[in-house]
Amino acid sequence: MRDLDRMVDEALNEEERALLRSIGEEPRFIAQTLGIFGGRTGWVSGLMLLAQALLFAGGVWAAFGFFQAGDALAALRWGVPAATLLLMSLIIKMSMWPTLEANRVIRELKRIELQIAHSANRTAGR
């Protein structure tokens, strides 16, 4: 991958390099994560985050009851809900990863689109 990046960089002229530098680097993880709360479906991500937090809190509460149980039946009554709630919380959290990846792909496609538009303008001006 690094060789490909180097070859692309060598193929670009100084004007295109300046354009890519103006776009900037890929945002950090926290900025990418906060980016899923924007746009038309941002409210869905916020609702999923709220549900995930509630499920996680319920799972921790049930896990606390599991570790405080005195007999096996009481431990089972607390342990199954604890495991279920924590797994549901994890599933919701993992369902948000495809949105992060889609945003990364869209950002790269826009970068390529900008390069194509810039090169088309440059060749049309000749």
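The values are calculated or read from the model by the stated rules, or taken from the named source; none is laboratory data. These figures come from a predicted structure and were not determined experimentally. Neighbour counts are summed over all protein chains in view; Cβ atoms, including those assigned to glycine, are modelled from backbone coordinates with ideal geometry.
Descriptive notes on the structure:
- Only helices (runs of 4 or more DSSP H) whose full extent lies in region 39-126 are considered here, and the ones with at least 1 residues that are of a type in the set (Ser, Thr, Tyr) and surrounded by fewer than 10 Cβ atoms within 10 Å (Cβ to Cβ) are 97-124.
- When region 86-113 is filtered for residues that are of a type in the set (A, V, I, L, M), farther than 29 Å from TRP61 by Cβ and over 15 Å from the mean Cα position of the chain (by Cα), the ones remaining, listed by number, are LEU109, ILE112.
So that you can scan it fast, the table gives a plain yes or no per residue for (1) in contact with an Asp or Glu (Cβ under 6 Å, 6 or more places away or on another chain); (2) of a type outside the set (A, V, I, L, M); (3) at pLDDT below 80:
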{"site": "ARG17", "(1), (2), (3)": "no, yes, yes"}
{"site": "SER22", "(1), (2), (3)": "no, yes, yes"}
{"site": "TRP43", "(1), (2), (3)": "no, yes, no"}
{"site": "ALA51", "(1), (2), (3)": "no, no, no"}
